[in-house]
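Asks: There's a structure below that I have some questions on.
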Amino acid sequence: MTVIFLPPFSCQIMNRTCFCSVFLFLLAAVPAFAHPGEPATSDVVIYGATPAGIAAALTAAEGECSVLLIEPTARIGGMTTHGLSHSDFHSFESLHGPFLKFSQRVLKHYETTYGKDSEQVRDCWRGTHGEPSVNLLIFQQMLAEKPSIRILTEHRLASVSVEDHSITTLIFSNSGGGSVAITPGIVIDASYEGDLLAAAGVPYRVGREARSEYGESLAPEKSDTQLQGYNFRLCMTQDPKNRVPVPIPKNYDRDDYAAIIPLVNAGEFDSAFGYPGRRFMLKAHLPVMPNGKRDINDVSQGLVRLSLPGHNREYPDGDLTTRRRIEKKHLDWQLGLIHFVQTDPALPEAFRKAAATWGLCRDEFTDTNHIPPQIYVREARRMVGMHVYTEADTEYAPQDARARLHLDAIALGEYSHNCHGTAHEGPLIGGRHTGEFYKGVAPYQIPYGVLVPKNMRNLLVPTACSASHVGFCALRLEPIWMSLGGAAGYAADMALAGNVSVQEVDVEALKRRVWSSGGATIHVSDVPPSHPDFIAIQWWGSLGGLHGIEPAPEKPGTRGKHIVSQYFEAFPGHAIKLDQPLDEELKTRWSRLARQHGLPEPAASTTRGDWIRAAFEASKHGVSIGRHSDSDGKLTVFKQLVRADSWTEKWPRDS
């Protein structure tokens with residue numbers, strides 16, 4: 001059986017000239033079964049071709065594993081190819097690893113297609129704001145470059161067999177009524193819903209924990225079944241040449257939206273579409289995407305919402321029929337809302353006419369009536385694994401600009417605790433979401449344990465990962481999920497190579513794999529992955545060497561200077577300043593830390609950079625056993641140092 005991806009025919013407007021291209025990619029070939037019913041095998045089986053799943057496939061394939069990437073729908077890429085083009089991060093300095101590689105490829109596409117000085121290159125926001133069709137194309141290209149990756153689309157998980165705490169067989173049903181059985185080595189559940197982990201009997205949570213369980217200030221007093229609201233991320237435009245009308249739902253009822261009229265007349269809304277700075281109902285994200293497209297989203301704390309918390313509670317554990325019903329409810333609500341603000345005669349004419357300038361993009365989602373087929377599942381199941389990520393994991397270290405130190409960090413995030421609401425009070429129009437919160441924090445480390453079940457020996461979970469509701473709201477962003485997926489792919493390869501369980505993977509070696517491919521485990525704003533000292537700085541930071549240098553900000557969650565929308569300049573207090581002279585106080589602290597880890601103390605070092613480089617070079621001569629206390633005072637004994645010949649750099653360095 002051969003799987004061929006043919007992206008939708010794309011017609012971009014460029015100086016009124018139509019630039020059209022069709023790309024045909026032969027991405028994967030699933031081996032024919034020798035006998036009916038005989039299972040296929042793969043070293044790594046990944047369920048869910050989300051950005052995390054794709055990142056996992058790419059990193060696992062670096063180790064020459066055979067990888068089978070299975071997607072239940074017809075379109076790979078998760079929300080990054082389903083309308084979420086306004087990528088969730090705060091500073092460009094924080095980008096690293098799989099997401100940075102992906103965004104650089106997107107940028108290169110626009111440069112090659114339109115020219116480096118083009119509007120499209122400017123509007124792609126360094127490749128982080130690609131059009132859905134372009135994001136899809138780039139994912140396809142990246143996967144096509146790895147011959148050991150095979151892809152199956154439209155294959156949905158049917159059952160999981162488990163023996164002795166290991167997944168032995170996976171059965172998938174296809175859209176034609178057939179099925180395929182797979183014998184995996186390592187399994188990665190990269191689905192948003194956590195369907196595979198649940199089918200395997202791995203413990204999980206749906207809903208919110210009580211405040212008392214983890215001591216989280218953002219948690220409710222009592223536990224409940226509420227989860228964050230969903231909505232579709234429509235891709236829309238005001239360009240008449242690329243605009244098509246928004247379809248009217250068959251069950252459209254004007255009365256569902258009539259309460260908008262008095263709100264508009266009372267001056268609550270200046271327009272239907274907009275962005276903070278004006279009063280509006282539908283958030284048209286800034287910056288604008290290339291070719292005049294906009295990512296349309298829910299308005300936080302608004303009087304009119306796209307998300308419908310409460311109407312999605314059956315989704316995580318629901319069957320396919322239940323999920324399709326919930327998706328239709330949300331899509332009908334959104335399309336009906338847009339139709340109302342564009343056409344209802346009781347609204348002011350100027351308001352209606354302005355709203356009517358918006359439409360769906362003619363050249364996006366051409367096989368699904370220009371509507372993304374996937375709903376934005378912000379939260380569903382959450383595994384209960386080796387480390388449950390909570391609000392405490394993002395708290396500031398004592399008197400420090402940095403967040404709590406995690407010695408076993410394999411990824412990092414820098415967004416915030418962000419929840420669009422878990423329930424609704426009052427009328428749907430004019431009421432308010434409850435359970436909504438937005439807590440700014442410093443960039444935070446993410447430990448390996450969030451990927452790892454407590455007992456299942458050959459399963460890793462980067463998306464529906466181990467976290468409380470509050471903790472998950474700091475992890476649920478695609479750039480972070482891609483980092484977790486990339487780490488999961490490396491861990492899978494290492495578990496197979498060492499013939500060990502995922503719980504026994506050498507985390508120190510895993511961190512080195514992450515660093516060597518441009519991934520970060522601690523945020524350093526002035527040492528990007530392309531910097532020649534990147535790995536050395538990540539290594540020293542992973543030991544705690546970068547903590548305690550800068551004081552905590554006066555206001556928690558302080559970011560750099562605002563650029564636009566949710567984007568800022570570099571986080572303050574997170575630069576290492578390699579050329580700065582090494583003062584005696586810092587030298588004393590660093591020397592003490594080096595001794596704790598069995599490292600020789602560098603001698604003649606005049607700058608911070610010189611000292612770290614010397615310590616890093618010394619670390620390559622052998623293995624040492626170290627002991628260190630983290631920010632909670634917990635003593636950890638671990639193997640730390642490595643031989644020089646174990647380093648393999650795959651990231652391009654500055655000359």
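The values are calculated or read from the model by the stated rules, or taken from the named source; none is laboratory data. Bear in mind the structure is a predicted one, so any value in this text is a computation, not a measurement. With ideal geometry, Cβ positions are generated from the backbone for all residues, glycine too; neighbour counts draw on all protein chains shown. SASA here: full protein model, heavy atoms, side chains in, ligands and nucleic acids out. Shrake-Rupley method; radii C 1.70, N 1.55, O 1.52, S 1.80 Å.
Asks: Quick one: putting +1 on the C-beta of Lys and Arg, -1 on the C-beta of Asp and Glu, what dipole do you get for the range 89-169 around its Cα centre, in Debye to the nearest 20?
Replies: Values: 9 positive and 10 negative charges, 37 e Å.
Dipole of the range 89-169, to the nearest 20 debye: 180 debye.
Asks: Between the range 395-452 and the range 99-141, what is the C-alpha centre distance in whole Å?
Replies: Computed from Cα coordinates, the inter-centre distance equals 28 Å.
Asks: By average Cβ neighbour count within 10 Å, what is the ranking of 426-434, 563-571, 248-256, 77-85 from highest down?
Replies: Descending packing order for the listed peptides: 77-85, 563-571, 426-434, 248-256.
Asks: Could you check the simple spin-label distance between R589 and E569, using points 7 Å along Cα→Cβ, in nm with one decimal?
Replies: My value for the distance between the label points is 2.4 nm.
Asks: Only helical DSSP H runs with n ≥ 4 go in: add -39500 (n - 2.57) per run for the chain, normalise by residue count and round the 222 nm mean residue ellipticity to 500 deg cm²/dmol.
Replies: When only DSSP H runs of four or more count, the value is -7500 deg cm²/dmol.
Asks: Multiply the residue separation of K353 and D270 by 0.36 nm, subtract the distance between their alpha-carbon atoms, and state the gained length in nm to one decimal. Don't skip to the answer; put the middle values down first.
Replies: Values: separation 83, 0.36 × 83 = 29.88 nm, distance 1.25 nm.
Going from the current span to full extension adds 28.6 nm.
Asks: Separate question: If the cut-off is a Cα-Cα distance under 20 Å, which aspartates and glutamates reach K620, setting aside same-chain residues fewer than 8 apart in sequence?
Replies: D408, D506, E508, D533, E601, D610, D645, E649
Asks: Next question. Dipole size in debye (nearest 20) for the chain around its Cα centre, Lys and Arg Cβ +1, Asp and Glu Cβ -1?
Replies: 680
Asks: Fully extended, how many nm does the chain gain between D610 and E145 (0.36 nm per residue separation, minus their Cα-Cα distance)? Mind showing how you got there, number by number?
Replies: On the way: separation 465, 0.36 × 465 = 167.40 nm, distance 3.87 nm.
Computed gain between D610 and E145 is 163.5 nm.
Asks: Under 24 Å from the Cα of K146, which lysines turn up, not counting those fewer than eight places away in the same chain?
Replies: K101, K108, K511, K650
Asks: So what is the relative contact order for the range 569-623, in percent, with contacts set as C-alpha pairs under 8 Å and at least six apart?
Replies: Reported relative contact order: 39 percent.
Asks: Would you calculate the separation in nanometres between label points at K555 and T322, each defined as 7 Å from the Cα along the Cα-to-beta-carbon direction?
Replies: Simple spin-label model gives 4.4 nm for this pair.
Asks: For K454, give me every one of the lysines with a C-alpha distance below 19 angstrom, ignoring sequence neighbours fewer than eight places off in its own chain.
Replies: Cα-Cα hits under 19 Å: none found.
Asks: Structure shown: which of K222/K250; K222/K439; K241/K329; K283/K439; K353/K439; K439/K587 lie over 28 Å apart, alpha-carbon to alpha-carbon?
Replies: On the way: K222/K250 40 Å; K222/K439 20 Å; K241/K329 30 Å; K283/K439 20 Å; K353/K439 37 Å; K439/K587 35 Å.
Going by Cα-Cα distance, K222/K250; K241/K329; K353/K439; K439/K587 fall outside the 28 Å limit.
Asks: Which of A397, F139, G215 sits closest to the plus end of the dipole of the chain, meaning its Cα is farthest towards the positive end, when Lys and Arg get +1 and Asp and Glu get -1 on the C-beta?
Replies: With unit charges placed on the Cβ atoms, the residue in question is F139.
Asks: Next question. Given G63, P345, A474, which one lies farthest toward the positive end of the charge dipole of the chain, if we put +1 on the Cβ of every Lys and Arg and -1 on the Cβ of every Asp and Glu?
Replies: Positive-most Cα among the choices belongs to P345.
Asks: With +1 assigned to the C-beta of every Lys and Arg and -1 to the C-beta of every Asp and Glu, and no other charges, what is the dipole magnitude of the range 448-509 about the Cα centre in debye, to the nearest 20?
Replies: 260
Asks: Continuing with the same structure: Given a 1.4 Å probe, how much area per residue of the chain is accessible, in Å²?
Replies: Spelled out: the 1.4 Å probe surface of the chain, per residue, equals 38 Å².
Asks: If you take the Cα atoms of the chain, find Rg, then find the Kirkwood Rh from the mean of 1/r over all pairs, what is Rg/Rh?
Replies: With Rh from the inverse mean 1/r over Cα pairs, Rg/Rh is 0.97.
Asks: Suppose the chain between A392 and D253 were pulled fully straight at 0.36 nm per residue; how much longer would it get relative to their current alpha carbon spacing?
Replies: Going from the current span to full extension adds 45.5 nm.
Asks: Okay, next question. Considering the options L107, Y376, H424, tell which one lies farthest towards the positive end of the dipole of the chain, charges being +1 on Lys and Arg and -1 on Asp and Glu at the Cβ, about the Cα centre.
Replies: The one lying farthest along the dipole's positive direction is L107.
Asks: Sticking with this one: Relative to the longest principal Cα axis of the chain, at what angle does helix 478-498 sit, 0 to 90 degrees, rounded to 10?
Replies: Tilt relative to the chain: about 50 degrees.
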